[in-house]
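Single-structure report; data block below.
Quick note: the coordinates plus some simple rules give every number you see, no bench work behind them. Every value quoted in this text rests on a predicted model; they were computed, and no experiment measured them. Positions of Cβ are backbone-derived with ideal geometry, glycine not excepted, and every protein chain shown enters the neighbour counts.
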Amino acid sequence: MKPPNALQKYFTEQFHSEIREISPVGGGCINETLKATLTDGQSFFVKQNRIALHDMFEKEAMGLGLLADAAEKTAESGERLYIPDVHGRTEDQDNGHAFLILSFVDEGRSVGDFDLRFGRSLARLHRQTAPQFGLDHDNYIGRLPQKNGFRDEWHTFFAECRLEPQFRMAQESGHFTGAARKSLDRLCGMLTELLPEERPALLHGDLWGGNYLCNIDNNPVLIDPAVYYGHREAELAFTTLFGGFGSGFYKGYEQEFPLEPGFPQRRDIYNIYPLLVHVNLFGGMYVSQAESILRKF
């Protein structure tokens, strides 16, 4: 395929090298994803979408930067999380496209103690904290807006910035009845009793099995973040929703930063949020999954 003119211009100006080859790569359901190889041999991962969604790329770049800084600080004995480098963004005004340019990750196969190291590294990342829950800017989870207004207490943040916006969006689309609304309101009123308070932790924010890679050096790489400072149990709960994480991952995490007792009983509460996100993105079976948890309350 022929590279877009704006992308060719970007690499020529920034890297003094032209695109030799560009081809689609798998893994993207929201953006078109491409591998661009330059004449000097360097390869880059390029995300492409409508120019109207350029803010989504800007916020992703900011999130990757936050994670990269934290991963650098929390590296220990050569054991760390890897984050793709953000090289820049550009736009093609003529064709209405926006691009996010990242380093290309050569994937390998996880072997040996990969899961254990991954869990320990994520636990250390979660020790990065902030005065309040939230973030200094809103961002996105998938292509959906994610509200990040600062709150002093986790249960308030979780209700007002996570559950309520996504539920309202789903209800306005006709996915939920008034009974589900009552169940959600009842649950939000119980969160102070149900969820333990901890210091805010830096979270990837969208950590399911499709948002991490193993590179050719057998190290974990985090991609596609929805970063904020939240309760680390919400991150761990999401990792269990669709699978993809080995038992060694949880063992390593507990070795480094043990969770409070009772986490398995709280897991479904946290997972209402990603389920609501999936309702708004895909509808279907995710509606009944979310309703089944809400009915418990």
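Over all other residues within a Cβ to Cβ distance under 12 Å of THR177, the charged ones net out to +2, with Lys and Arg as +1 and Asp and Glu as -1.
Under a cut-off of 23 Å between alpha-carbon atoms, report the lysines in cross-link reach of LYS182, not counting same-chain residues fewer than 8 places apart. In chain and number order, the partners are LYS147, LYS296. With each label modelled as a point 7 angstrom along the Cα→C-beta vector, the LYS147-GLU107 pair spans 3.6 nm. In this simple spin-label approximation, GLN255 and ALA6 carry label points 7 Å from Cα along the Cα→Cβ vector, and these lie 4.7 nm apart. Stretching the chain fully between THR129 and PHE263 yields a gain of 46.2 nm (0.36 nm per residue, less the alpha carbon separation). Listed by chain and number, the aspartates and glutamates whose C-alpha is less than 17 Å from the C-alpha of LYS2, apart from same-chain residues fewer than 8 away, are GLU18, GLU21, GLU32, GLU91, ASP92, ASP94. Compute the signed sum of charges (Lys and Arg +1, Asp and Glu -1) over the other residues within less than 14 Å, Cβ to Cβ, of LEU281. Computed value for this residue: -1. Panel order for HIS137, HIS175, by other beta carbons found within 10 Å of each beta carbon, from fewest to most: HIS137, HIS175. Taking all Cα pairs closer than 8 Å and separated by 6 or more residues, the relative contact order of segment 114-294 comes to 32 percent. Here's the picture: a label point sits 7 Å out from the Cα of ASP217 along the beta-carbon direction, and within segment 67-89 the residues with their amide nitrogen under 20 Å of it are 67-87.
Assuming charge only on the beta carbon of Lys and Arg (+1) and of Asp and Glu (-1), the dipole of the chain about its Cα centre is about 720 debye to the nearest 20.
Each Lys and Arg contributes +1 and each Asp and Glu -1, all at the Cβ; summed about the Cα centre of segment 5-103, the dipole is approximately 160 debye.
Peptides 195-207, 223-235, 106-118 ordered by packing proxy, namely the average of other Cβ atoms within 10 Å per residue, highest first: 223-235, 195-207, 106-118. The count of lysine pairs in segment 5-103 whose Cα atoms are under 17 Å apart, excluding pairs fewer than 8 places apart on the same chain, comes to 4.
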